[in-house]
Amino acid sequence: MFTQDHSAGRRLAGAAAILAVGGFALSGCFGGAPVVEPSSDAAGFDDLESATVYIKGQGTFIDPGTLDDAEGAWIGSGFLVSEDGLVMTNNHVVTGAGTLNVYIGGDQGQETRATVLGASECLDLAVIQLEGNGFPFLDWHDGDIKTGLDVYSAGYPLGAAEEFTLTRGIVSKDDFPLDTQWASLDHVIEHDARIRGGNSGGPLVDQDGALVGVNYAGDDSLDYNFAIHRDTAEEALPKLAAGESVDSIGINAKAWVSEDGTMAGVWVSSVDAGGAADAVGIEPGDLVFKLAGVSVGTDGTLADYCQVLRTQGSDGTIDLQVYRPSTDELLDGQINGDELVVTASDAFGGGPTDTGGFTTVTDDSGVLSVSAPAEWAQVDGTGFPDDAGNQWLGVSAAPNLQAFWETYEAAGLQLMGVEGAGTSAEDMLATVSQGFDGACSPVETGAPYDDGLYAGVYSEWECGTTTGAIVVSTLDSGGNNVVLILQLVSDYDKQEALPEILATFQANF
């Protein structure tokens, strides 16, 4: 199963880090179209950090197979390709973002205004324009890209949030096609300059600091790392900078197949305001069934979807059929043509999941909140004092709270928070972990956690054969502790509930 290598698409990298479900883990113009030309003034390897940018995004998304939207934040990377402020990154880092905060060289004191010029879901590339001029920038690698070439991955990965990192490796496989859930590329580079969540959109460079590719995907378990080939990125750059549609209708897309295999399509997590998808009436949470009469997403990749766009042209008039789970309706229309209209109601009897969706639960004070499965209907929002005299806030949700509190065989969550305790995340995790340590088998202990908003540590246990139990302890700069305890029993708990919970838990002290 392919997933992106970053925390984009909300705070989902935390889910990939904590519970390994297998597979690959993810990474209008000012005054007219910019001219993109190589230059001898490009930054070299020693100045690589100055031309690599740190991107923070925030927006509202609907995750595949769910019905409720949730606001979240994520991080990604990018790199400057011109002195007048053109930045290349990934589509999944910017599309659907309500706000983007961009920092030059990762320096939090140098935030720069940014505007998205163009993006492509099939290429997983995007170009944004920074306000200003005279920026350091990178040039393209000159010559063939061959197996064995020394390369370096630069960016701002999770676990080292807001800090520039650089890893070294070689090109393992120099040029091959690769279809994933969120992209379809004819030219991809495999390398072992290790990347992590947050590296999405960051540069892969040679020993001179020249661009070899754009990092966009990886597999932590197998140490596979993938970059979009230089030739693809360089060819797309001037078109995207000019605002042209390149293999795109303007969505944050992911191929989706239901657990029982009866339903498939391309899931729309978010929509680019003003793009072709927005104009026809596509909404976040829609499932694109057919494009030009072709069923798409059935193999779990964007291959068929992108082949249609390349055949018809992104600016062509393309017949479209969409399923809207929130209303259980089929809609028909045309990209660059007729708007969507409802053609069938009560189409599938309730949508792509057999769950009741998610609902937001809060503690009694309203400070803590998290999105929990609707069937976890028993909720307790009371707080409690600890032995040191600190007053904790707390909210728990489960199908059966008593069973959740007393056993390790019942699903549920408990979110707790305290102001000003000043306890380190590591010490807090050790305290909260005592019950699990005595009853369950450890899978991961004291690993770094960073989802772009909260940073700290987490541990994971197996309790019997059916329950995965996870504790995440987070700590912010104000000395406020936030602790999330989870018990996950079913496949739904682990595959659907976990990402939603990690993407939405927060404490508004």
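The values are calculated or read from the model by the stated rules, or taken from the named source; none is laboratory data. No experiment lies behind these values; they were computed from the predicted model shown. Here the Cβ is made from the backbone with ideal geometry for all residues, glycine too, and neighbour counts use every protein chain on show.
Residue 194 meets the conditions (1) surrounded by 19 or more Cβ atoms within 10 Å (Cβ to Cβ); (2) modelled with pLDDT under 95 in every case but one. The failed one is (1).
Any residue at all in the range 425-447 that's of a type in the set (Val, Ile, Thr), modelled with pLDDT of 75 or more and under 27 Å from residue 59 (Cβ atoms)? Step through it out loud before you land on a result.
Within the range 425-447, the first condition is being of a type in the set (Val, Ile, Thr), and the residues that meet it are 431-432, 443, 445.
Checking the rest, the ones that are also modelled with pLDDT of 75 or more come to 431-432, 443, 445.
Right, trim to under 27 Å from residue 59 (Cβ atoms) and you get none.
For the range 425-447, residues of a type in the set (Val, Ile, Thr), modelled with pLDDT of 75 or more and under 27 Å from residue 59 (Cβ atoms): absent.
Among the residues of the range 155-214, those identified as basic (Lys, Arg) and part of a loop (DSSP other than H, G, I, E, B) are 194, 196. Within the range 312-332, the set of residues being small (Gly, Ala, Ser) and on the phi > 0 side of the Ramachandran plot comprises just one member, 313.
When restricted to residues that are in a strand (DSSP E or B) and closer than 30 Å to residue 273 by Cα, the range 116-153 contains 11.
Taking the range 71-111 as the region of interest, how many residues are of a type in the set (S, T, N, Q), assigned to a loop (DSSP other than H, G, I, E, B) and either modelled with pLDDT of 95 or more or surrounded by 20 or more Cβ atoms within 10 Å (Cβ to Cβ) (or both)? The number of residues fulfilling the criteria is 3. Here residue 272 clears all of (1) within 29 Å of residue 204 (Cβ to Cβ); (2) modelled with pLDDT of 95 or more except the condition numbered (2). Here is a check on your reading of the model: is residue 266 part of a loop (DSSP other than H, G, I, E, B), among the hydrophobic types (A, V, I, L, M, F, W, C) and in contact with a helix residue (DSSP H, G or I) (Cβ under 7 Å, 6 or more places away or on another chain)? For residue 266, the condition - part of a loop (DSSP other than H, G, I, E, B), among the hydrophobic types (A, V, I, L, M, F, W, C) and in contact with a helix residue (DSSP H, G or I) (Cβ under 7 Å, 6 or more places away or on another chain) - is not met.
Test residue 228 against the criterion of being within 26 Å of residue 288 (Cβ to Cβ) and not in a loop (DSSP other than H, G, I, E, B), and give yes or no. First the steps, then the outcome.
Numbers: within 26 Å of residue 288 (Cβ to Cβ): yes; not in a loop (DSSP other than H, G, I, E, B): yes.
Here the answer is yes, as residue 228 does meet what is asked.
Do we find a residue being in a strand (DSSP E or B), crowded, with 19+ Cβ neighbours inside 10 Å and under 20 Å from the mean Cα position of the chain (by Cα) anywhere in the range 232-249? No; the residues of the range 232-249 include none that is in a strand (DSSP E or B), crowded, with 19+ Cβ neighbours inside 10 Å and under 20 Å from the mean Cα position of the chain (by Cα).
So, residue 327, is that one more than 22 Å from the chain's Cα centre (by Cα) and not in a helix (DSSP H, G or I) or not? When the stated conditions are applied, residue 327 passes them. Within the range 218-231, is even one residue among the charged types (D, E, K, R), outside the structural domain of residue 305 (by TED's automatic domain parsing) and at positive phi? Checked the range 218-231: at least one residue is among the charged types (D, E, K, R), outside the structural domain of residue 305 (by TED's automatic domain parsing) and at positive phi.
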